[in-house]
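Data first, discussion second: the structure below is written as structure tokens.
Read the figures in this text as sums done on the coordinates, not as results from a lab. What you see is a predicted model, and the numbers here were worked out from it, not measured in a lab. Virtual Cβ from ideal backbone geometry, glycine too; neighbours counted across all protein chains shown.
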Amino acid sequence: MDSNINNSEMQIETATFGNGCFWCTEAIFQQLKGVIKITSGYSGGETIDPDYTSVCSGATGHAECLHIEYDPNLISFESLLEVFWGTHDPTTLNRQGGDIGTQYRSVIFYTSEEQLTIAQAYKKQIEKSGVFSDTIVTTFEPFTIFYPAEKYHQGYFLQNGHAPYCQLVIKPKIEKFIKNFSKKLKK
């Protein structure tokens, strides 16, 4: 938690995004000023209380995602969307880099009509800008339930930053993120 936040003034809202491997995305979003808590997990599927193995099989319909608790006084939903759109490829269907399957789909699980409206407007703005040459395939799904991933997935990069996957895949993403979003980072 950000030590500069007065708990009596803090508001907490949530956002749930699927934008690839949660090991990578967690390492990015946890660095944002105003983000209070990140939980890696699963949403958008059929199976009750899924586990990593079943989600990775593609049979449950869940996406690997982040459940983000944030203070809207310090970071807006729009700013979270900016990072969401700017740190993954929303034009690849069911794929992020070498990770392939519906569990890696680009999806925003909206919790209110306001979140849906803001996310759809942001997508239209990006499409008009021409930032991506291919069609954006990100879907918008109503948030229903979120299942936290197993404990060893939480804070994965922080605990395993020396591992080859972390060094070869996650670290370059973090470096690019820091370069592009330096003004939004916790100090």
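With contacts defined as alpha carbon pairs under 8 Å and 6 or more residues apart, what's the relative contact order of region 10-103 in percent?
Worked out over region 10-103, it gives 38 percent.
For Glu127 and Ser112, compute 0.36 nm times the residue count separating them, minus their Cα-Cα distance, and round to one decimal in nm.
3.1 nm
Arrange the following residues from fewest to most other Cβ atoms within 10 Å of their Cβ: Ile118, Ile145, Ile170, Ile108.
Sorted ascending by nearby Cβ count, the order is Ile145, Ile118, Ile170, Ile108.
Equivalent-ellipsoid semi-axes (√(5λ), Cα gyration tensor) for region 77-187, whole Å, largest first?
24, 18, 16
Region 102-187: which GluC sites (Glu not before Pro) are DSSP loop and have at most 12 other beta-carbon atoms within 10 angstrom?
Listed in order of number, the matching sites are Glu150.
Taking amide hydrogens as modeled 1.01 Å from N in the peptide plane, which residues meet the under 5 Å criterion relative to Asn94, leaving out close sequence neighbours?
The answer is Ser106.
When the Karplus curve 6.51 cos²θ - 1.76 cosθ + 1.60 is applied with θ = phi - 60°, which whole-Hz ³J(HN,Hα) does each residue of region 129-135 get, with x for Gly and Pro?
5, x, 4, 10, 7, 9, 5
What is the P(r) of the chain, as percent of Cα-Cα pairs per 10 Å bin from 0?
Pair shares across the bins are 9, 37, 40, 13, 1.
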